[in-house]
Amino acid sequence: MTASGTGPAHLEVRELVVSFGGVRAVDGVSLELSPGEVLALVGANGSGKTTLLDAISGLVTPAAGHVVLDGENVDDLLPEERAAVGLVRSFQDARLFPELTVEDTLLLSEDGRNPSDVVSITFRLPWARRSERAKRADIDDVIGSFRLGAFRHRRIGQLSTGTRRVVDLASIALARPRLLLLDEPTAGIAQREAEAFVPLLRRLQQMTGCTVLLVEHDVPLAFELCDRAVVMATGAVVSVGPPDVVRHDPRALEAYLGASEEVLRASGPLAPAQPAGGLAGP
């Protein structure tokens, strides 16, 4: 793949197999995501969800199968090369530098997408000044969109887990993903904060227009966000379709959701959307 392309990406996963020793963590998985679609991937721990994201992003090498982005095979591309064509992978632990401020963290993200030339910056050449002003404007935009203004000059290490995850989402927005692999964005945060992530994640998708493959343990939240849902068990896909179909699929109920639908009720009903600022706490 030689060009980065524009607009939301089209993803095909074809008969993907990932093995660790004698265990097939991903066992012949095939998926297709249309441009701009949000697909939720749910399943028990060990069902292969995160390993599938790792294989799509290039962090692990499949034993068989293919990953196809916009009709082009990306099997031979390194993770950084896949990132260069718009494939962005998030992680459960929001890997941010604790000593940096929120503003510095976002500046670092923006510099990663559009590196500054040291000589041009040093001599304050006109084009460099324009570029820096544009970066600052983009950062101001995401800080406003994700309601992080009160935390702009706070260090990452001083923020709550929920607020760090909001900063991570803002960083992702600056990366301009075409395909976003979003791994457990609400892991480890309180239920009230998790519910407030629904409008935040929608805002991220609207700002970037990207295609999203979402791994999420909170089934009601995942079903609220997605166009389609996929249930995995022991490395394989057992059910796929719109949320209202999957939640009543006997195969999904047996594999993960549970005949009593306890998992569907585990996090309670989604509350009305709260302001994103509700996540931002010390």
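The values are calculated or read from the model by the stated rules, or taken from the named source; none is laboratory data. Quantities reported herein were computed from a predicted structural model and do not represent experimental measurements. Positions of Cβ are backbone-derived with ideal geometry, glycine not excepted, and every protein chain shown enters the neighbour counts.
Hey, can you tell me all the residues within the range 9-23 that are part of a strand (DSSP E or B) and over 13 Å from Val237 (Cα atoms)? Selection gives Leu11, Glu12, Val18, Ser19, Phe20, Val23.
Summed over the range 59-71, residues that are loosely packed, with under 14 Cβ neighbours inside 10 Å and either of a type in the set (Phe, Trp, Tyr) or closer than 13 Å to Ala9 by Cα (or both) total 1. Exactly one residue among Asp54, Asp76 is surrounded by 19 or more Cβ atoms within 10 Å (Cβ to Cβ) and either without any contact (Cβ under 8 Å) to a residue 60 or more places away in the chain or in a helix (DSSP H, G or I) (or both), and that residue is Asp54. For the range 3-42, the set of residues classified as small (Gly, Ala, Ser), out of contact with any Pro (no Cβ under 7 Å at 6 or more places or on another chain) and under 25 Å from Pro177 (Cα atoms) consists of Ala3, Ser4, Gly5, Ser30, Ser34, Ala40, listed by residue number. Could you please let me know if Gln205 is within 30 Å of Gly46 (Cβ to Cβ) and either among the polar types (S, T, N, Q) or touching a Gly at 6+ places or on another chain (Cβ under 8 Å) (or both)? Yes, satisfied. Those helices (runs of 4 or more DSSP H) of the range 133-248 in which 2 or more residues are outside the structural domain of Leu69 (by TED's automatic domain parsing), in contact (Cβ under 8 Å) with a residue 24 or more places away in the chain and at negative phi occupy 161-174.
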